[in-house]
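Note sheet for the following structure.
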Amino acid sequence: MQPTDPSLAPFSCRYSPQLPELLMKLDCSIALTTYQAGKLVLISPADENRFTMLPRSFNKPMGFEVSGNRMILATRDEVLVFENSEDLAVHYPNKPNTYDSLWLPRITFHTGQVDIHDIAIGKDVIWAVNTSFSCLCQVNGSYNFIPVWKPPFITELVSEDRCHLNGLVMMDGMPKYVTMLGNTNTFQGWRNNITQGGILMDVTTNEIILENLPMPHSPTMYKGELYLLLSATGEIVKVNIPGKSYEVIRRLDGFCRGMDIFGDYMFVGMSKLRKNSSTFAKLSFAEKANSSGIKIIHLPTGAFVGELTYETTVDEIYGLKILAGTTRPNVLNTINPIHKYALAIPGDTFWANPDTNETK
């Protein structure tokens, strides 16, 4: 591992020395959300030995999705849509000729505080896990949200977080599988069996595929196989859908949440356990889960490749995605006004000069 930075600057981290080289080999970067720190963080290889960490502030960023040049991000009460422009990246005024991609905010949907967890880009529509109302919904701007599906045991559409719906898998542009922390129908009823009451359900058939799961999160489909993180046991599992069973791929001895798979490598987010939590204190790895970061596994062999561990700032991670084809990405939020000077039209781009209003 790299030595600890004695200055402990924000987002200081230690990492296995081969990881920057791995990202360069894979031609990708890592993006993660930490709602606790209020950041979307881009991690990219500066060279074969060092990482570059680029954090951007958002109000409680949670689930996000990347598809081609489009990114969507769920925050406390909004869903933001970004578009990537390689041309605008090259001429970014603050650091020209530095970035190979630049994600710019284009649309903001005002959802209200409905506690969106996972989110996905479907067939001409945005799908979101509306945890507060225990439903899957669409986000299109006509309403705060359009409820489309809820588990059959949920009897009312009310803001009571009755089952803690959290994870979503899409197939052919439509919702297919969801995870939740319980099959309860009362106000936050899932809390009564939080570490053993989780469910994996088929949205199209309302069939329960797995139950009695220890806090399932981050369902991910890869090469026709469905993977889950069981956060309360620190396990990565592969689901046998027809057999309604699962196989443990790896145990991580920590609270795992946030996963993506790219080039046969699985990237998994790890979070510190919340202090003074009687529930988390009972978990088998409670004494070991004192760090947050990312662990990487070679999926075909199950071998542990390495890890990145945060020493400051980041305690809890929700979402994690791999940004393919970019080793120096940038993203702009709506807090810094510089995004207003990035202009794109079909076939051309411009950066406006904030002092003269001229473009170039």
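What follows is calculated from the coordinates using simple rules that are stated; it is not laboratory data. Worth saying up front: this structure is predicted, and the values here are computed from it rather than measured. Counting neighbours? That spans all protein chains shown, and the Cβs are built from the backbone with ideal geometry, glycine included.
Kindly write out, for the stretch 104-112 in residue order, the coupling ³J(HN,Hα) from the Karplus curve 6.51 cos²θ - 1.76 cosθ + 1.60 (θ = phi - 60°), rounded to whole Hz, with x marking Gly and Pro.
Listing the rounded values in order: 10, x, 10, 9, 10, 9, 9, 8, x Hz.
Please list log₁₀ I(q)/I(0) at q = 0.24 Å⁻¹ for the stretch 163-260, using the Debye equation with identical point scatterers on the alpha-carbon positions.
-1.34
Grab the Cα-Cα distance for Glu86 and Ser159, subtract it from 0.36 nm times how many residues apart they are, and report the gain in nm with one decimal. Mind showing how you got there, number by number?
On the way: separation 73, 0.36 × 73 = 26.28 nm, distance 4.09 nm.
Difference between extended and current length: 22.2 nm.
Run a plain Debye calculation on the stretch 89-177 (Cα atoms as equal point scatterers, no solvent) and give log10 I(q)/I(0) at q = 0.13, 0.14, 0.20 Å⁻¹, rounded to two decimals, same order as the q list.
Debye intensities relative to I(0), on a log10 scale: -0.52, -0.58, -0.89.
What's the Cα-based Rg to Rh of the stretch 12-101, Rh via Kirkwood? Each step should come with its number before you reach the end.
Details: Rg = 14.1 Å, Rh = 14.4 Å.
Taking Rh as the inverse mean 1/r over Cα pairs, Rg/Rh reads 0.98.
Between Ser67 and Lys282, what length comes free when the chain is fully extended (0.36 nm per residue of separation minus the Cα-Cα distance, one decimal in nm)?
Difference between extended and current length: 73.5 nm.
Would you look at the GNM of the chain, springs on alpha carbons closer than 10 Å, and say which of Ser101, Ser218, Ser142 moves the most?
Fluctuation is largest for Ser142.
Suppose every K and R has +1 on its Cβ and every D and E has -1 on its Cβ; what is the size of the dipole of the stretch 38-156 about the Cα centre, in Debye to the nearest 20?
Values: 10 positive and 13 negative charges, 48 e Å.
Dipole about the Cα centre, nearest 20: 240 debye.
In debye to the nearest 20, how big a dipole does the chain give about its Cα centre with +1 on each Lys and Arg Cβ and -1 on each Asp and Glu Cβ?
Details: 31 positive and 36 negative charges, 130 e Å.
Here the size comes out at about 620 debye.
Kirkwood Rh over alpha-carbon pairs of the stretch 13-351, then Stokes-Einstein at 37 °C and 0.692 mPa s: what D in µm² s⁻¹, rounded to an integer? Could the numbers behind the result be given before it?
Numbers: Rh = 20.4 Å.
Rounded, D is 161 µm²/s.
For the stretch 217-334, report the % of Cα-Cα distances exceeding 17 Å.
On the way: 3993 of 6903 pairs.
Beyond 17 Å sits 58 percent of the P(r) for the stretch 217-334.
Return the FRET efficiency for the residue pair Asn290, Asp355: r is the Cβ-Cβ distance, R0 is 41 Å, and the value is rounded to the nearest 0.05. Spell out each step's value before the answer.
Details: r = 49 Å, r/R0 = 1.20.
Step by step, r from the Cβ atoms, then E = 0.25.
Two decimals, Cα atoms only, Kirkwood Rh: what is Rg/Rh over the stretch 215-256? Each step should come with its number before you reach the end.
Details: Rg = 9.9 Å, Rh = 10.3 Å.
A ratio of 0.96.
Please list, ordered by chain and number, the residues whose modelled amide H lies under 5 Å from the amide H of Asp315; skip anything fewer than 5 residues away on the same chain.
The list, which skips near neighbours in sequence, is Ala37.
Would you please give the FRET efficiency between Asp77 and Leu8, computed as 1/(1 + (r/R0)^6) with r the Cβ-Cβ distance and R0 = 30 Å, to the nearest 0.05?
Details: r = 33 Å, r/R0 = 1.09.
So the FRET efficiency works out to roughly 0.40.
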